[in-house]
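Here is the structure we will look at, set down as structure tokens.
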């Protein structure tokens, strides 16, 4: 018994859609890693090593964790860690700028 053309198309979509969705979900977090590196650089340029030591240290820890996770192919966790690194780096930069202005 042959399937009708419309049924074939539906069956093909049912089979391929999960693969397409899964492929999108596990892409390497290239942009997030880059954003985190840039935020850490900006924090250092704002003298966060002197004024916001702990947030900068946290950002670096998260960045190292993201790098390890990326190397192991754990893209979901690497993305989370890179986002956390950026958030901490932005906090370090903001705290440092505020401290510099308060001098």
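Read-outs: derived from the displayed coordinates by stated rules, not from any lab. Worth saying up front: this structure is predicted, and the values here are computed from it rather than measured. Backbone-built Cβ (ideal geometry, glycine too); neighbour counts: all protein chains shown.
Remarks
- Packing-based exposure ordering (other Cβ within 10 Å, fewest first) of 6, 80: 6, 80
- Label-point gap, in nm, between residue 7 and residue 38 - each point 7 angstrom along Cα→Cβ: 5.3
- Rg/Rh for the stretch 27-101, where both radii come from Cα atoms and Rh is the Kirkwood radius: 1.03
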